[in-house]
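J.: Mind having a look at this structure? Questions to follow.
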Amino acid sequence: MKLEGFGIFVNDMALMVRFYRDVLGFDIKEDENTTNVFLEKDGTLFLLYRRTDFERMVHHSFNYVQKLNGHSEIALSVENFEAVDRTYNEVLSKGAVSVLEPTTEPWGQRTCYIADPEGNLVEIGSFQKE
């Protein structure tokens, strides 16, 4: 099997599409109000599925995490430590929610965490000091 992409189940499709497209720079493949939205970032397919549509398709109901979702993260890298700080401030100015301010970790990575509008964690990090 080949990894083709990954997806998350969303409540408000238009809000989430705007966040990933306008705040994080994902390329949109579909209209923001379709059942499934295909975004692409650096060659990786990223799918947004509307929860109600997916449940109707599979004939099951699911439980969804409220507030911050600690089950997974989307990890994005930038070129260096300075870019971590700059990108963090930029995405906050566009509406992202801070979870962890830029921090240099003991293993040598500069990282920070934000949350998308539905509480999914997004890491922005780098291992390059300069």
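J.: Just tell me which lysines come within less than 19 Å, Cα to Cα, of LYS41; anything on the same chain fewer than 8 places away is out.
T.: Once the sequence-local lysines are set aside, what remains near LYS41 is LYS2, LYS29, LYS94.
J.: In Å², and per residue, what accessible area does the chain have when probed at 1.4 Å with the other protein chains present? Write down the numbers at each step before the final one.
T.: Values: 8040 Å² over 130 residues.
That works out to 62 Å² per residue.
J.: Here's another thing I want to ask about it. For the chain, modelled as a Gaussian network with Cα springs under 10 Å, which listed residue fluctuates most, GLY119, GLY25, GLY43?
T.: Of the options given, GLY43 has the highest mean-square fluctuation.
J.: Could you identify which residue out of VAL58, VAL84, VAL37 has the top mean-square fluctuation in a GNM of the chain using Cα springs shorter than 10 Å?
T.: VAL58
J.: Still on this model: Need one number: % antiparallel among DSSP beta bridges in segment 1-110, to the nearest 5. Working shown, then result.
T.: On the way: 9 of 15 bridges.
In segment 1-110, approximately 60 percent of DSSP beta bridges are antiparallel ones.
J.: Additional query: Counting each DSSP H run of 4 or more residues in the chain as -39500 (n - 2.57), what helix-only mean residue ellipticity at 222 nm follows after dividing by all residues, to the nearest 500 deg cm²/dmol? Each step should come with its number before you reach the end.
T.: On the way: 3 runs with 27 residues, N = 130.
Taken over the chain, the calculation gives -6000 deg cm²/dmol.
J.: Percent of accessible area on the chain owned by carbon and sulfur, 1.4 Å probe?
T.: Values: 3980 of 8040 Å².
The C+S portion of the solvent-accessible surface of the chain is 49 percent.
The values are calculated or read from the model by the stated rules, or taken from the named source; none is laboratory data. The structure displayed is predicted, hence computed values, not measured ones. These accessible areas exclude ligands, DNA and RNA; they are computed on the full protein's heavy atoms, side chains included. Shrake-Rupley method; radii C 1.70, N 1.55, O 1.52, S 1.80 Å.
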